[in-house]
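J.: Take a look at this one; I'll ask things after.
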Amino acid sequence: MTQLPCWFDKRAMTVANVLLEQGFCYCGLEEEFCVIEENLINAGDWKIGGTYQEMGIDAIHDGALFCLDLTGAPDELDFNTELTRIQQLIKNTEKEFDLTFGGAGIQLSLFAIEDFS
């Protein structure tokens, strides 16, 4: 099992696990690698983009870097299509998490609410 960042909340951890299932690996802290910031686009709370010479896809959240190695991928694989697929995967995973767990809390009040009717 891959050690994931201990500072990730459950939502980020859910997305990270989905990325791992898609073939990504957790590389470590973003600052320890050469990430091309200009190539990054938003994907929900994450940023994704191409690695050097589009040989892979980086996914970054809260300083943690995940990478999908595309070397050896079939020639018919279109980089931009794959990037869009990963972007949608992240957004859909976050949306599904929010729908499942976002409304599960209970509204608490510090004061008793009086009925003045």
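J.: Contact order normalised by length for the stretch 12-97, with contacts defined as Cα pairs under 8 Å and 6 or more residues apart; what percent is it? Write down the numbers at each step before the final one.
T.: Working: 109 pairs, mean separation 26.1, N = 86.
Relative contact order, the stretch 12-97: 30 percent.
J.: With the radius of gyration and the Kirkwood radius both derived from the Cα set of the stretch 12-97, what is their ratio Rg to Rh? Before the final figure, lay out the partial values.
T.: Working: Rg = 11.9 Å, Rh = 12.8 Å.
So for the stretch 12-97, dividing Rg by the Kirkwood Rh gives 0.93.
J.: Report the calculated FRET efficiency for Leu20 and Asp75 (r = Cβ-Cβ distance, R0 = 30 Å), to the nearest 0.05. Numbers along the way, then the final one.
T.: Numbers: r = 26 Å, r/R0 = 0.85.
It comes to 0.70.
J.: Can you give the net charge of the other residues whose Cβ lies under 13 Å from the Cβ of Gln87, counting K and R as +1 and D and E as -1? Kindly include the intermediate steps, with their values, before the conclusion.
T.: On the way: positive: Lys47, Arg85, Lys91, Lys95; negative: Asp45, Asp58, Glu82, Glu94.
Net local charge, Gln87 excluded: 0.
J.: Moving on to the next point. Assuming R0 = 41 Å, can you tell me the calculated FRET efficiency for the pair Ile36 and Asp98, based on Cβ-Cβ distance, to the nearest 0.05?
T.: The value I calculate is 0.85.
Throughout, read-outs are computed from the coordinates displayed, never taken from laboratory work. As the structure is a computational prediction, the values presented were derived from the model and not from experiment. Counting neighbours? That spans all protein chains shown, and the Cβs are built from the backbone with ideal geometry, glycine included.
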